[in-house]
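S.K.: Sharing a structure with you now.
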Amino acid sequence: MYRVQGRGGTSLAVAFVRRRRLLLGIGLCVWGAVWARALQLQIMGSTVLSALAEEQSDRRVCLAAPRGEIVDRQGRLLAINVAKRSFFAYPDRETPTDGLARHFASVRGQSFTGLSREWKKRHDRFTWMLRRCSATTAASVTGWQLPGVYATWEYERVYPTALTGIAGPLGFVNDSLNGAAGLEAAYDGLLRGADGVGLFVADANGHRFAVDPVAGRPPVPGRRLRLTLDARWQSILAEELDSAVTTWQARSGMALLMDPHTGAILAMVDIDPSRPPGAVVMKNRLVSDVFEPGSTFKVVTYAGALSDGVVYPGRFFDGGNGSGLFSGRPIHDDKPHGVITVAEAFAVSSNVVTGRIANRLDLGRLDFWVRRFGFGDKTGIDLPGESPGRIAIQKNSDVNVATRSIGHGISVTPMQLAVAYAAVANGGYRIRPHLVAAVESPDGTLSNVAVQGERILRPEVVCILKNFMRDVVCNGTAKTISDSLYPIAGKTGTAEKPNLSTGHYDKNKFMASFVGFYPADQPRLLGLVVLDQPEPIHYGGITAAPVLLNTIRRGTASDNVPAADMRHYCIATDSVDEPDVDWSRRLVEAVGPWLTTTEANAASDSVGAQANVSESGEPSGHPAGETGWDRMFGRCVAFVPDTTPDSVRVPGSDPQGMPLLQSVKTSGQQDLPPLVLDDGIAMTQEAQSDSSRGGNRACRLIQR
Amino acid sequence: MKLPLAIADGLLEIISPHSARARGREPQPASDRLVWFAAMGLMALGTVMVLSSSVMLADRRFGTPGFFWIRQMIWWFLATVLLVVFSRIDHRHFRTWAPLILILGLGGLGVALTLPPIKDVHRWINLGPLRLQPAELFRLAFVVYAAAFLARRGEQIIWARRWLLLVGVLALGSGLLLAMPEFSAVLTLWATTGFLLLAAGVRWRHVLPSIVTAVVASTIVVYGFGYKKARVDDWQAGLTMTGGSYQVKQSKLAFGSGGLFGKGLGEGRAKMSYLPEPHTDFILSSIGEELGLVGITAVWLAFGLLVYRAWRAAMRAPDRFGYLLCIGIGASLLVNAALNASVATGLSPVTGLPLPFVSYGGSSLLCTAAGWGMVLNVSRFRLAGR
């Protein structure tokens, strides 16, 4: 069957050997050409072509980074994120945008035609369809199974703690989750984190093949902010302020609690009844709005006058029975006062006497102290939109000095005022207020917020001012909050409001304020309360001051802290932001370097008493009763020289005027440890231990 | 000869060449085993690649990921059967059956043209779940017919009146194919005919003028009258590295992202609807993407081997018909594969043409297998002393 017919076959093959070569040649050419083309595409063009291929099939999607949480000092959540579904599309030339528009028009609450037109205009490939929608909407959109529409997670900012006034410091975020106000804006860079990039593969119709985003870059969550704010104190302060605003029918109220040593803000409340509930709070009035502080500002005048040595606490001034002329212009007191001491003038908040005191400084010197306390300059708090206040440049006339000394003709922010008082409360340091205690990254590291402090007051002046302020509460304008269990020191303010349209002060509109600290001797808490137009009573001591007392009562009571132990109780500090406080430096020394010989003699003469201090610290020649030292120093206590020469400067030329300092110096006890007395009772634990450890003798001056 | 016995014999012969003798049958000269293995290897690779490239398409279109693959497996099995059967049928029978086969092929074309169009074209005959592509059958039929025709003319091919018959058949077939339209089939038909004429010893003075005329005429038609100028422009753009029409561009992207070793089986992206026909006309692109230049080279070597062995068998053929049959079927494969690859790599304008043995499609696979079964049969013959 398969036998070969040799003859024909052989001749055939031989005859076409040449044709066979031709055929093979043609075949080889065709074969080789195609293979060479494959070689060209797959080796030479591989880089370019594979890049193009990836470009068309890779889809990039932004993987939202969760914004950093904001917690209060106890870790209570103040701002968190809630993950929500978002939908986006990569419309290409095959995607019917009309179809997308038809589906999404209803859920977006837009008209079909408008949406369709809008999307047709978009030539870029990435388009948000729906952002952060509800779960039910997300379910229905997923159910549509639209090609080219993808889902991803985005976050929504939620502030779970509905604390009154918390929106002020926290601020809020805009639609893109970028901080728009408050801390959210100030720390936006840290809170925001870094969005990641998700990469997935899609087919030519936009169908997504990889279920989870593959490769790409994972999102980096934002840092967590631990605030100095305490939600509990915040709510107590807010409630108390709110009730005061209601009681006194005030237009609005602001209040603040902070640690005077560190500037850590514990609570910050801004209440405005006219603001509709749920309204966006764009600014924090405590730092962005200015007001004329009135009498609360007097602490600057007294601090300046005492520091410069132009007055001393026991110096008498004529109160002028309620009014005094300055450059021919009258300044009035609320109540008439006769001849009173500087200390008494502070306690009763006499405008006339304060004006007289200020006039012993000139305007330049007064402004020096004003600026030294930080007015006219931003406090540096970590909130956006801070106002530096305004110190008007004025002619150096008696009336201008006097008005400024009582807190008029100057605009300050409540925060600046609090910082000024903090300097008194913390022993003379100007601190930078702040709201953030720590910035925590996901790996748990902490970055402390640096606290800077510059000494602006000498310790002895601080001591005197503290006692002045204690007297305000005990005997002065803030007697309403005198409570032996809660020793608060402070200063009231009742300022006429300037009328911007008339350019004068309104006689019946007042800004009532109170700034105080607690406990008076070892302040751990500084509070500021401002009420705008309280009615019918305007006095800061009656309207504003009780807010602070009530807040402290409630705040410390719920912690079961006896007032006596308050100094050991860290209300506002924790290990994170507690600075290295040198307590011994903080201890107050006061010798009365302001006493020049003449004045001392005059004072002594006028009260018929002779003051003397022995080296042993026992008072000598101290008359019993309400005269002598009592009149001389008011309720001031005493002190001991600082070992550093700078801190006790002796103004004036006559060393004879400083008996205590002199006696100390002559006895060679230059390194005498400081010791503080208050109301004739031996004082601080620290000082005692210091003295016992050092073996040095204390020097006491007992008055009363 | 009974068919089942033939299949069994053929398979046995492949597995163990001496088993036939052991079973007491008359020993047969072995067919070319290289051809067998190359064809089977290509079909195996084709099945794998059809699976890899059609899963997503099938899933989306039919909801059955294995829709194309299962069918291709069946076609592969039937093709193997055909290969064995035709290798057992003495090819010289086909010389006598040639006119009948031609009429069958032409008839298929006619039926497809008279039936209502599917997707606006007349390319298929719908038989329930099956779709026959009569063009494939016609191509094989024409090769058989042409081989028989040219064999009858002897060693001297002269320009005589009988030529008109072959030219007429070619023209008729081309016309029917163009009406379908199956432009690529016409192209391969003519190219194959060219090879056949060359092998049959046609004189150069007969061939060259017609080639020159064809080239000049087509140049005038394209550039002078702008007929299908856009197509030609696309083609020229496709010759660059990244340009070309959408399909060509996608195909080249697939080749390029494959690189030397490819992305790995199943890892390709071109099949994600980027390539329009990843399992049929553009399966070579899928191979290039997933198996790289290595895979392409393997496929190409297999094709080269097949053509070479077919033409080698032609040289050893016992008769002029066998010689021309092997030349024609080898040339048909070469032309088909080269044109398909040229389209995929952007070397030629886009035409729809399956890659023989590899692409999905029953008609193509079965007709190719039948043809190569004939080649296998021819390869059984050995000429003494060569």
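S.K.: Per DSSP H run of n ≥ 4, the term is -39500 (n - 2.57); total these for chain B, divide by its residue number, and report the mean residue ellipticity at 222 nm rounded to 500 deg cm²/dmol.
M.R.: Here the helix-only value at 222 nm equals -23000 deg cm²/dmol.
S.K.: Here is a further query. Give me the orientation-averaged projected area of the Cα convex hull of chain B, in nm², one decimal.
M.R.: Its average projected convex-hull area is 20.6 nm².
S.K.: Moving on to the next point. Based on the alpha-carbon gyration tensor of segment A:303-455, what equivalent-ellipsoid semi-axes (square roots of 5 times the eigenvalues) come out, in whole Å, largest first?
M.R.: Computed over segment A:303-455, the values are 37, 16, 13 Å.
S.K.: Here is a further query. Round to the nearest 0.05 the FRET efficiency obtained for A:E118 and A:D175 when R0 = 25 Å and r is the Cβ-Cβ distance.
M.R.: Rounded to the nearest 0.05, the efficiency is 0.90.
S.K.: Hey, what did segment B:42-384 get for relative contact order, percent, Cα under 8 Å, at least 6 apart?
M.R.: 27 percent
S.K.: What list do you get for B:H206, A:H408 if you sort them by fewest beta carbons within 10 Å?
M.R.: Fewest to most other Cβ atoms nearby, the residues stand as B:H206, A:H408.
S.K.: Using the count of nearby Cβ atoms within 10 Å as a rough guide to exposure, how do B:Y308, B:Y246 rank from fewest to most?
M.R.: In increasing order of surrounding Cβ atoms, one gets B:Y246, B:Y308.
S.K.: If you don't mind, another one. Quick one: Cα convex hull volume of segment A:216-321, Å³ per residue?
M.R.: Spelled out: Cα convex hull of segment A:216-321, divided by residues, is 229 Å³.
S.K.: Order by neighbour count: A:D270, B:D234, fewest other Cβ atoms within 10 Å first, most last.
M.R.: Values: A:D270 28, B:D234 19.
Least to most surrounded, the residues fall as B:D234, A:D270.
S.K.: Count the lysine pairs in chain B that are 8 or more places apart or on different chains: how many have C-alpha atoms under 25 angstrom apart?
M.R.: So the count of such lysine pairs works out to 13.
S.K.: Let me ask something additional. How far apart, in nm, are the 7 Å Cα→Cβ label points at A:H504 and A:Q249?
M.R.: Once both label points are built, they end up 2.4 nm from each other.
S.K.: Here's something else I'd like to know. For segment A:265-353, what is the convex hull (Cα atoms) projected area averaged across all directions, in square nanometres?
M.R.: 9.1 nm²
S.K.: Okay, next question. Take the Cα of A:A194, step 7 Å along the line toward its Cβ, and report every residue of segment A:49-91 whose backbone nitrogen sits under 15 Å from that point.
M.R.: A:63-66
S.K.: While we're looking at this one, here's another question. For segment A:34-111, how big is the tail of P(r) above 18 Å, as a whole percent of Cα pairs? Mind dumping the intermediate values first?
M.R.: Numbers: 2141 of 3003 pairs.
So the pairs more than 18 Å apart make up 71 percent of the total in segment A:34-111.
S.K.: Could you give the nm distance between label points at A:L39 and B:D233, where each point is 7 Å from its Cα heading toward the beta carbon?
M.R.: Computed distance between label sites A:L39 and B:D233 equals 3.4 nm.
All of the numbers you see were taken from the coordinates with simple rules; none came from a lab. In this text, all values refer to a predicted model and were calculated from it rather than measured experimentally. With ideal geometry, Cβ positions are generated from the backbone for all residues, glycine too; neighbour counts draw on all protein chains shown.
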